[in-house]
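First comes the structure, then the notes that go with it.
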Amino acid sequence: MNNSLSSNRLTGLTLLIAIAFFMEQLDSTIAVTAINNIADDLSVHSTTITMAIAVYIMTLAIFLPIGGWSAKNFGCKNTFLSAIILFTVGSLGCGFSNNIYLFISSEIVQGVGAALMVPVGRLFVIQNSKKSELAKRISILVWPGLIAPIFGPSLGAYITTYYSWHWIFFINIPIAMILFVLAWYFLPTEYINKQSRIKLDSLGFLLSSLMLVMGLGSLDWLSNFGINNIVPWGLLTSSVILGVLLNHHISKSKSPIISLAPWNNDVNFKHTLISGSICRAALSGLPILIPLFLQSELGLSMIESGNIILTMFAGNLLMKMFTTSIITKCGFKKPLIISSLISALSILGCWYGQHNISYICVMLFLIGCMRSLQFSLYNTLAFSELPKPYLNSANVLNNLFTQISFAMGITLVSIFIRLGSNSDIISSNISILPFLGFASLALLPLFFLLFIEKDYGNSVR
């Protein structure tokens, strides 16, 4: 740990990194409402733009392991600054795109930049935080993942309606410039011994890349075209096979692209990662499902339904005030069990209160509170008892699982709606099935929580 960093300075740097995360997370959702406008301007079908956005998410996931490797070899500061530059160049390219090829290429550049920002920024905070302050720092880092999916679609709709879709990407530029200057001056420069640099595990990177492309590609295919097709299942099977090959390679490699040491040697970390990923999948689809539900069942406009979703944001903010106190007084397991139950009941409550806007707002507020609490608890618990040598690899694994779970949550929205309408196209009427599906998924982490030791994480209380 870098003892030269004061607590206040580290808190400020944590906030700076959180803003960078917010910029990256926002880019994953803000363009969703502008798909048709972008497609019209670039003279392509809307599904092509959907696939271009999926390319950004895939690129982000693929290059996450490179972020951990780069931090080891070139330092957190150099990697983080390079990531901001790449993300800015990608944003400019997207905004100035006049054809689909430039747009997709720019999305790839953006994805690489985002992949370097995500693990490196979090790793810096985790490595430099005392155990007693870890919960507070993680709580700050979690808020971008909570707020961006809620704000993104509404902000995208507003910008597209009153300005143009190009500004969805241009708004990143001033934020990125400010972040770069602040990071340049305030992030400490680490001394990296060139003799200790590790060669990139090219074969491991190739296998992990193909595995993620196949896996995320299958989810994207299922989301857009339904389950009655052999292609996504073939992609998913290929992804599993590649995962087996990657695991074999990692077990033989001295310096693998992804180290499984925390997963293999700490059963509590393993079950925290699994239960946390299921929780994120259950809750990440709601900012998409609820607006669709409000528009189809209550006839609300895109902006009106987006405004109602902001009640989740209010719940997120309120719970942030109490998260650290809850961890200190109650630990992790009990709050996670209670919040899982409340989340499931609140999800079902949204369906049963479909003709009462006020009732739905109360349910969304509760979901926002539980979502904030659960994300903070899982992220803190995952790193709470790990020794320092495991932090880098655990951070990469946590980020990979997070990206996959978010993609899975979005895919499940489409799958549940199609199953509920008994059709391969998304119906104009949304049945209770999606709500039952996500409520059941919100309860599933309870099973894996049984395998986590009761006092695990006490060192950060």
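The values are calculated or read from the model by the stated rules, or taken from the named source; none is laboratory data. This one's a predicted model, so the numbers in the text were calculated from it and none came from an experiment. Here the Cβ positions follow ideal geometry from the backbone for every residue, glycine too, while neighbour counts run over all protein chains shown.
If only residues of region 322-378 that are basic (Lys, Arg) and modelled with pLDDT of 90 or more are counted, the one that is surrounded by the fewest Cβ atoms within 10 Å (Cβ to Cβ) is 334. The sole residue among 293, 269 that is among the aromatic types (Phe, Trp, Tyr) and under 19 Å from the mean Cα position of the chain (by Cα) is 269. For residue 261, state whether it is closer than 30 Å to residue 338 by Cα and of a type outside the set (D, E, K, R). Considered against the rule, which asks whether it is closer than 30 Å to residue 338 by Cα and of a type outside the set (D, E, K, R), residue 261 comes out as no. Any residue that is without any contact (Cβ under 8 Å) to a residue 24 or more places away in the chain and either surrounded by fewer than 19 Cβ atoms within 10 Å (Cβ to Cβ) or within 17 Å of residue 176 (Cα to Cα) (or both) - is there at least one of those in region 80-95? Checking region 80-95: at least one residue is without any contact (Cβ under 8 Å) to a residue 24 or more places away in the chain and either surrounded by fewer than 19 Cβ atoms within 10 Å (Cβ to Cβ) or within 17 Å of residue 176 (Cα to Cα) (or both). Region 1-112 holds helices (runs of 4 or more DSSP H) entirely within its bounds, and those carrying 1 or more residues that are modelled with pLDDT of 85 or more and within 16 Å of the chain's Cα centre (by Cα) map to 7-29, 46-62, 64-74.
Here residue 135 meets the list (1) small (Gly, Ala, Ser); (2) at positive phi; (3) buried (at least 24 other Cβ atoms within 10 Å of the Cβ) almost entirely, failing just condition (2).
Flag set for residue 326, criterion: in contact (Cβ under 8 Å) with a residue 40 or more places away in the chain, over 21 Å from residue 282 (Cα atoms) and among the aliphatic types (A, V, I, L, M).
From the list 183, 157, the lone residue that is touching a residue at least 24 places away in the same chain (Cβ under 8 Å) and closer than 25 Å to residue 372 by Cβ is 157.
So, residue 52, is that one crowded, with 24+ Cβ neighbours inside 10 Å and within 20 Å of residue 148 (Cα to Cα) or not? Here the answer is yes, as residue 52 does meet what is asked.
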